[in-house]
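Written below as structure tokens is the structure these notes are about.
The values are calculated or read from the model by the stated rules, or taken from the named source; none is laboratory data. The structure presented is a predicted model; accordingly, all values stated were derived computationally and were not measured. Here the Cβ is made from the backbone with ideal geometry for all residues, glycine too, and neighbour counts use every protein chain on show. Surface areas here come from the heavy atoms of the whole protein model, side chains and all, with no ligands, DNA or RNA. Shrake-Rupley method; radii C 1.70, N 1.55, O 1.52, S 1.80 Å.
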Amino acid sequence: MNLSDLQAIMPQVNSGRASRFLAPLNAAMEEFDINTPARQAAFLAQIAHESGQLLYVLELASGNRYEGRRDLGNVFPGDGVKYKGRGLIQITGRSNYLQCGEALGLPLIDHPELLEQPENACRSAAWFWKSRGLNELADAGEFERITRKINGGLTGQTDRLAFYGRAQEALT
């Protein structure tokens, strides 16, 4: 993917931000086998929505709503805020930070803010994608199922589909 492709997919991203994320995105997609136009289009569409077109690598909300969520591994006071969504796909919860940190070789439990750096924001998103079997769903054209695995529902699906259409056009 080149800079023109990225900006065609995410038309609101400014050129400076797109340039900062281009190489880390390409490297992360290669590392985690997001290596076909179908996989890349679905991945880029989802991260475009989740990150507000690469604008947000830290969830805007406080994280208080995650406090005490054992399903996320938030078992200690303050875990909800400390492990709120970060990265381009918004890794959330102590358990996910632990798994992601182990997979990427990063001390995320002690330094969750590392997911706010472009390289780690991209790698964490691509790790999440591959670890949840989303390459296979992209191969099968199961975009709605991908959204459900990322979001838990279909929040923002119209927006995600618009990014998906632009990505398919740009990458084929």
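Between Glu144 and Thr36, residue separation times 0.36 nm minus the direct Cα-Cα distance comes to 37.0 nm.
Distance between the pseudo-spin-label points of Gln12 and His111 (7 Å out from Cα toward the beta carbon): 3.1 nm.
Rounded to whole numbers, the Karplus 3J(HN,Hα) couplings from phi for the range 55-64 are 7, 10, 10, 9, 4, 5, 5, 5, x, 4 Hz, using 6.51 cos²θ - 1.76 cosθ + 1.60 with θ = phi - 60°, and x at Gly and Pro. For the range 24-172, pairs of C-alpha atoms spaced more than 24 angstrom apart make up 27 percent of the total. Each residue of the range 32-49 was assigned a 3J(HN,Hα) from its phi angle through the Karplus expression (A = 6.51, B = -1.76, C = 1.60, θ = phi - 60°), giving 10, 6, 8, 10, 10, x, 5, 5, 5, 4, 5, 4, 5, 5, 5, 5, 4, 5 Hz with x at Gly and Pro. What does the charge count around Arg94 come to, taking other residues whose C-beta lies under 15 Å from its C-beta (Lys +1, Arg +1, Asp -1, Glu -1)? Net local charge, Arg94 excluded: -1. Computed with a 1.4 Å probe over protein heavy atoms only, the accessible surface of the chain comes to 46 Å² per residue. Ignoring lysines fewer than eight residues from Lys149 along the same chain, the ones with Cα atoms less than 20 angstrom from its Cα are Lys84, Lys130. Distant-in-sequence amide contacts of Leu108, defined by a placed amide H-H separation under 5 Å and a gap of 5 or more residues or a different chain, comprise Gly101. If a spin label sat at a point 7 angstrom from the Cα of Leu154 along the line to its beta carbon, the backbone N atoms of the range 127-147 nearer than 19 Å would be those of 137-138, 140-147. For the chain, the 222 nm mean residue ellipticity estimated from helices alone, with every DSSP H stretch of n ≥ 4 adding -39500 (n - 2.57) and the total spread over all residues, rounds to -17000 deg cm²/dmol. Annotation: amide H of Arg69 within the under-5 Å range of Asn74, sequence separation 5 or more or interchain, hydrogens built in the peptide plane.
Calculate what fraction, in whole %, of the accessible area of the chain sits on carbon and sulfur atoms when a 1.4 Å probe is rolled over the protein chains. Here it works out to 49 percent.
Close amide-amide hydrogen proximity is noted between Ile91 and Arg86, each under 5 Å apart and 5 or more residues distant or on a separate chain (H modeled in the peptide plane; Pro and chain starts excluded).
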